[in-house]
1. Show me the trypsin sites (Lys or Arg not before Pro) within segment 130-217 that DSSP assigns to loop and that have at most 16 other Cβ atoms within 10 Å of their Cβ.
2. Across segment 84-101, in residue order, what do the Karplus-derived ³J(HN,Hα) couplings come to in whole Hz, using 6.51 cos²θ - 1.76 cosθ + 1.60 with θ = phi - 60° and x for Gly and Pro?
3. So, with +1 on the Cβ of K and R and -1 on the Cβ of D and E, and no other charges, what is the size of the charge dipole of the chain about its Cα centre, to the nearest 20 debye?
4. Leaving out ligands and nucleic acids, and using a 1.4 Å probe, what accessible area per residue does the chain come to in Å²?
5. How large, in percent, is the carbon and sulfur part of the accessible surface of the chain at a probe radius of 1.4 Å?
6. Looking at segment 91-144, what % of the alpha carbon pairs are farther apart than 15 Å?
7. Which distance in Å, rounded to a whole number, links the C-alpha centroids of segment 59-100 and segment 157-204?
8. Where does segment 25-117 land on Rg/Rh, using Cα atoms and the Kirkwood Rh?
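The values are calculated or read from the model by the stated rules, or taken from the named source; none is laboratory data. Owing to the predicted nature of the structure, the values given are computational and were not obtained by experimental measurement. Cβ sites come from the backbone with ideal geometry, for glycine too, and all protein chains shown count toward neighbours. Side chains are part of the model used for accessible areas, which takes the heavy atoms of the whole protein and leaves out ligands, DNA and RNA. Shrake-Rupley method; radii C 1.70, N 1.55, O 1.52, S 1.80 Å.
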Amino acid sequence: ADGWAWVQADRDGYVGYLRAEALGEPGIGPLPTHRVRLLRTPLFPEPDIKAPPRDFLSFLTPVAAVGERGRFVERAGGGWLFTGHLAGHDESLGDPVETAHRFLNAPYLWGGRSFYGVDCSGLVQLAFAAAGLELPRDSDQQESCAALGARLPRDATPERGDVIFWKGHVAIALDAASVLHATAAPLLVTVEALAAVDARARAASPEGITAIRRPQD
């Protein structure tokens with residue numbers, strides 16, 4: 001209606017509105033061959049680092065390479081990317097905790113999923129997608145996702161890499177006493193004491209921690 005389309009993302013089932021002119025027929029163009037491995041990388045109009053970039057692509061953006069020249073690959077749809085900033089499309093980019101650490105001090109943005117702005121569940125989704133595990137988008141969906149590993153008792157002692165849930169919030173444990181998360185409190189991705197995060201959550205919902213999940217190694 002009025003130039004807007006109600007759509008669902010193929011990747012994680014998320015729904016929302018897009019401008020209708022942004023949509024095309026499915027299956028147009030080559031399949032992705034790479035994805036961006038840096039938090040963001042410039043898209044050049046030509047294979048030259050001195051050319052003014054036409055845009056920036058964010059972490060894990062899929063790229064279909066259709067050509068190569070020197071240290072650059074040509075992207076389907078236009079533009080050139082530095083080869084060293086790309087990984088194979090199915091290549092694991094390592095430990096989710098280390099990936100999440102790369103987003104430290106990124107601004108918090110509700111609904112965000114990049115270094116330009118990310119929310120709590122977006123950070124978790126990105127960290128595990130980099131390691132090859134595709135999760136749902138929202139924290140309540142992630143909490144019930146069996147692919148995220150065993151569900152521990154709510155009073156279990158967290159270990160590095162555990163994913164801790166509260167009502168409407170999620171964080172990644174660094175150890176038994178600290179977590180890394182995107183939070184609206186300081187409006188950024190930060191490391192905080194687990195006790196402080198839990199106390200703040202309990203002020204809004206006395207239930208406190210609702211679940212702890214331990215991903216498989």
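1. Working: sites: Arg137, Arg151, Arg154, Arg160, Lys167, Arg200, Arg202, Arg213; in loops: Arg137, Arg154, Arg160, Lys167.
Passing both the DSSP loop test and the Cβ count: Arg154, Arg160, Lys167.
2. Result, rounded to whole Hz: x, 8, 10, 10, x, 4, 9, 6, 6, 9, x, 4, x, 5, 5, 4, 4, 4.
3. Working: 21 positive and 27 negative charges, 72 e Å.
That gives the chain a dipole magnitude of about 340 debye.
4. Values: 11550 Å² over 217 residues.
Per-residue value: 53 Å².
5. On the way: 6230 of 11550 Å².
Roughly 54 percent, rounded to a whole number.
6. On the way: 608 of 1431 pairs.
Percent of Cα pairs beyond 15 Å in segment 91-144: 42.
7. 31
8. Working: Rg = 14.0 Å, Rh = 14.2 Å.
Ratio of gyration radius to Kirkwood radius: 0.99.
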